[in-house]
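Working notes, beginning with the structure itself.
Coordinate-derived values only; no laboratory data. Note that the structure is a prediction, hence the values are computed from the model and not measured. FYI the Cβ positions are ideal-geometry reconstructions off the backbone, even for glycines, and counts take in every protein chain you see.
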Amino acid sequence: MFFSLVMLKAGSKKEVTVTFKPEEAKVTVSTAIFKFKEGEKITQKVLKMSGIGKFPFINASDEKINFDQLTVGQQETKHITLRNYSLVTSKFEIEKINDDGKDMSFALSQKSGDIAPGSSQKITVTYTPTQVGAFTST
C-alpha cells in the first residue's frame, strides 16, 4: 500500500495513478479511501477497484522438429512459432532438457522474451551436427 499526504489549494486538482500488476491468476478487489480535510472538517471519497489476473496462454506451432540426416559441418534451420492467445503480455523462456550441456548441435535464435497479446514470435532453430553417426536429441 502507498499512502501520501498532498496539500491542495481550493479549486485545484491532483491526478492519481493506480497500477495493477497481478502476481497470480485471481480476481482482486480493493478500495482506496481519499480523505479531505478543511480546518476541522474531514470528508472522504471511496474508490472501488477491481482487476482480474490471468494466466498467459502460449502455444507452439510444433511439438517436434526433425532435421533428418546431415553431414557433419552442414547446417539446417527450421522455425517454430510461439503464439500468445491471451489478453495479456506473456513472457517465455526456452531451456534445453535431457542435455548435459556438452552437445552444441542445436542453437536457438531467441531463448526468452515477451509476446504481446494476440501476437506471435518466430524462433529459428539451427542444427549443425558435430559428430559422425550420432543421434542428437534435446
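I need the GluC sites (Glu not before Pro) found in segment 41-112, filtered to DSSP loop residues with at most 13 other beta carbons within 10 Å of theirs. Mind dumping the intermediate values first?
Details: sites: 63, 76, 93, 95; in loops: 63, 95.
Here the sparse-neighbourhood loop sites are 63, 95.
Please report the base-10 log of the normalised intensity I(q)/I(0) for the chain, using a Debye sum with one equal scatterer per alpha carbon and no solvent, at each q in 0.16, 0.17 (1/Å). Debye curve over Cα of the chain, log10 I(q)/I(0) at q = 0.16, 0.17 Å⁻¹: -0.94, -1.01.
Let me check against my output: what whole-number percent is the relative contact order of the chain, with C-alpha pairs under 8 Å and at least 6 apart?
The value is 21 percent.
For segment 1-51, the alpha carbon convex hull comes to 92 Å³ per residue, rounded to a whole number.
Partner lysines whose Cα lies under 24 Å from the Cα of residue 35, excluding those fewer than 8 positions away in the same chain, are identified as 9, 13, 14, 45, 48.
Under the rule that an exposed site lies in a DSSP loop and has at most 11 other Cβ atoms within 10 Å, name the longest stretch of the chain with no chymotrypsin sites (Phe, Trp or Tyr not before Pro) of that kind, not counting the sites themselves.
21-134
Can you give the FRET efficiency for residue 47 and residue 116, using 1/(1 + (r/R0)^6), R0 = 30 Å, r = Cβ-Cβ distance, to the nearest 0.05? Mind showing how you got there, number by number?
Working: r = 29 Å, r/R0 = 0.97.
That gives a FRET efficiency of 0.55.
Could you give the Stokes-Einstein D for segment 58-127 in µm² per second, using the C-alpha Kirkwood radius, 37 °C, 0.692 mPa s?
Numbers: Rh = 13.5 Å.
It comes out at roughly 243 µm²/s.
Subtracting the Cα-Cα distance of residue 87 and residue 57 from their residue separation scaled by 0.36 nm leaves 9.9 nm.
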